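S.K.: Pasting a structure here, questions to come.
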Amino acid sequence: MCGIVAATARREVSEILLEGLRRLEYRGYDSAGMALIDNERNLLLHKRQGKVAELEQAQQLEPKLGCIGIAHTRWATHGVPSAANAHPHLSGERVAVVHNGIIENHGLLREELQADGYEFFSGTDTEVVVHLLHRQLAGGDSLLQAMQATVQRLQGAYALAAVDTAHPDEVVATRAGSPLVVGVGIGENFLASDQLALRQVTDRFIYLEEGDMVQMSATSLRILDVSGAPVARDMKRLSAAAESTGLGDYEHYMLKEIYEQPRALAATVPAVGAHDIADDVFGSAAAAIFDQVQAIQIVACGTSYHAGMVARYWLEDLAGIPCAVEVASEFRYRKRVQHPGTLLVTVSQSGETADTLAALRDATDDEFIASLVIANVDHSSLVRESDLVFLTQAGAEIGVASTKAFTTQLVAFLMLTLVLGRRRRLSAQGAAELLAALHELPDCVEQVLLLDEAIEQMASQFILKHHALFLGRGIQYPIALEGALKLKEISYIHAEAYPAGELKHGPLALVDADMPVVAVAPGDELMEKLKSNIEEVRSRGAELYVFADRDAGFVDEPRVHVLQMPMCAEVLKPIVYTVALQLLAYHVAVQKGTDVDKPRNLAKSVTVE
């Protein structure tokens, strides 16, 4: 969500901060700002509502220069998007703070600080932090001591970075529930909420642990753990061959990432041999843990939740293992009863999703035998805190609407189904067929991409619509949910998905000639029932768009538009049909003229509740 960048160096850092913010734009934001301390110990500030380009323009018109600074892109939680609510926030023209997360007790702290004479100029929860810091500093604390005292007063989740004119050579930062990474340079050090923000200045990174506090200058770096004791954290060096985040020949990142899926799927599968999958692709302790698994509990949010819904069908049908799937924000707040021998599986593209991470931390040894995370980002919080890990190989995903991260998650779940299934009811022949299908998957997706032009023509029928209905049965129901989510995310068309058999229990009342209906209709054992459901819709005058196998029996006719999908193994159809629905959403959004890669109100990495 919000993005933090900080730098302390022997050179001027304003352009480093701006470039870091540019690289964080994919996360979603509504305003941006930066604060620097110049050579005369003056605190200099630029804040603007809107894009980072607005901040760049302000810097060009009135340069603010310094060798130390903090910067931020804000996604509004408390207070409307405005320059006044943008970060950094200042207190006494002395100290500045940037913040990701939410301070839950900001109301009480605000009252206390106002009674102490502090004036507030924003509607944010963050402003209480900067005033608390100022009060501690005025009492004689160092910036590090002031931050240590301040966080003792805070409830909620946060990543914080601060500068102080009385300590003009250092940045102090801390994290609790929101990620921070230190970038180590030569004669300079950096800080960000995402390593991508710093790739232009360093390839060496230290991932801060929960509760860590860092004190850094151009020439020194000190990390304290949650108890305040000095601690050494491992430094990771990223290869120079890290994935490119450029657009290349594509108009949008989302389209680029849709077309990258064959490569990403193939890259996620390499651990799969021609005849077997080794348990240790999930971690060195996987074999011993998987031998004990009697049930699965999947916890995730958004698109990752849909991946979990698909996985439930595979795990129960192919592996014979009971599986429950729940939205993380609900799971963590209810009283739970788990089956003995349950494995907790969390799913997150970023590995930092706040509710999913909180659910993992809330889980107890009494409930679960172990935890497994499926994520796309190494060194992320969920990866570091889980017993077992499967890293998808989607590469950087910049578009807010997830595409290749979702389909690679499904591949990970197919692999999990295989290694667990061979311990139960998946036969050797069934395992071999599943392995063969995984190897065929990239070619199947390539065939879907050849339908791009036909899908683009279909999309033109949606651009004047305000609502859409997606239908699926069985394992294709969560794919219908994902298709509806993609359409609403980037085109702003209200879209809902239902199991097709549920139409007569309410949703049918919405259907008319102005409601396009998308049916996910592969030729499976539920096809005849789905056809009956589709006829119910057609008889109400709806315009139907059917994504179906070539041999499913659908043909174009008045008010029925059929996209014939390539033939593929039954187990691959959720993934293959997903790609077609991604293209549909993309082309509708492009033709409507919305911001495809940065849809309004949304953020890529959701690090607050």
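The values are calculated or read from the model by the stated rules, or taken from the named source; none is laboratory data. As the structure is a prediction and not an experimental result, all values here were calculated from the model. We place every Cβ from the backbone using ideal geometry, glycine too, and count neighbours over all the protein chains shown.
S.K.: Quick check on Met527: is it within 15 Å of Leu471 (Cα to Cα) and either of a type outside the set (Lys, Arg) or modelled with pLDDT of 90 or more (or both)?
M.R.: yes
S.K.: Look through the stretch 207-220, keep the residues that are without any contact (Cβ under 8 Å) to a residue 40 or more places away in the chain and crowded, with 16+ Cβ neighbours inside 10 Å, and return whichever of them is nearest to Leu180 (Cα to Cα).
M.R.: Leu208
S.K.: Tally up the residues in the stretch 329-361 that are farther than 18 Å from Leu388 by Cβ and not in a loop (DSSP other than H, G, I, E, B), please.
M.R.: Total meeting the criteria: 6.
S.K.: Continuing with this model, one more query. Residue check, Ala159 against (1) of a type in the set (A, V, I, L, M); (2) buried (at least 19 other Cβ atoms within 10 Å of the Cβ); (3) modelled with pLDDT of 95 or more, all met but one. Which one?
M.R.: With respect to (1) of a type in the set (A, V, I, L, M); (2) buried (at least 19 other Cβ atoms within 10 Å of the Cβ); (3) modelled with pLDDT of 95 or more, Ala159 is out only on (3).
S.K.: A further question follows. If we keep just the residues of the stretch 576-602 that are under 25 Å from Val327 (Cβ atoms) and surrounded by fewer than 20 Cβ atoms within 10 Å (Cβ to Cβ), which is modelled with the highest pLDDT?
M.R.: It comes out as Arg600.
S.K.: With the condition kept exactly as written, say whether any residue in the stretch 321-333 is of a type in the set (Ser, Thr, Tyr), more than 25 Å from Val411 (Cβ to Cβ) and either under 16 Å from the mean Cα position of the chain (by Cα) or not assigned by TED's automatic domain parsing to the domain that holds Ala401 (or both).
M.R.: Checked against the condition, which is being of a type in the set (Ser, Thr, Tyr), more than 25 Å from Val411 (Cβ to Cβ) and either under 16 Å from the mean Cα position of the chain (by Cα) or not assigned by TED's automatic domain parsing to the domain that holds Ala401 (or both), the stretch 321-333 yields at least one hit.
S.K.: Would you be able to say whether some residue in the stretch 391-408 is within 20 Å of Cys323 (Cβ to Cβ) and not in a helix (DSSP H, G or I)?
M.R.: yes
S.K.: Just checking, which of Glu446, Glu397, Glu456, Glu440 is modelled with pLDDT under 90, under 28 Å from the mean Cα position of the chain (by Cα) and not small (Gly, Ala, Ser)?
M.R.: Glu397 is the lone residue from the list that is modelled with pLDDT under 90, under 28 Å from the mean Cα position of the chain (by Cα) and not small (Gly, Ala, Ser).
S.K.: Filter the stretch 369-385 down to the residues that are closer than 19 Å to Thr417 by Cβ and surrounded by fewer than 24 Cβ atoms within 10 Å (Cβ to Cβ), then identify the one that is nearest to the chain's Cα centre (by Cα).
M.R.: The residue in question is Ser371.
S.K.: Just the residues that are more than 14 Å from Pro478 (Cβ to Cβ) and in a helix (DSSP H, G or I), please, taken from the stretch 283-316.
M.R.: Listed by number, the residues that qualify are Ala286, Ala287, Ala288, Ile289, Phe290.
S.K.: Applying the selection to the stretch 51-93, what residues are charged (D, E, K, R) and crowded, with 24+ Cβ neighbours inside 10 Å?
M.R.: Residue satisfying the conditions is Arg74 alone.
S.K.: Restricting attention to the stretch 530-545, does a residue exist that is of a type in the set (D, E, K, R), at pLDDT 90 or above and in the same structural domain as Val571 (by TED's automatic domain parsing)?
M.R.: There is no residue in the stretch 530-545 that is of a type in the set (D, E, K, R), at pLDDT 90 or above and in the same structural domain as Val571 (by TED's automatic domain parsing).
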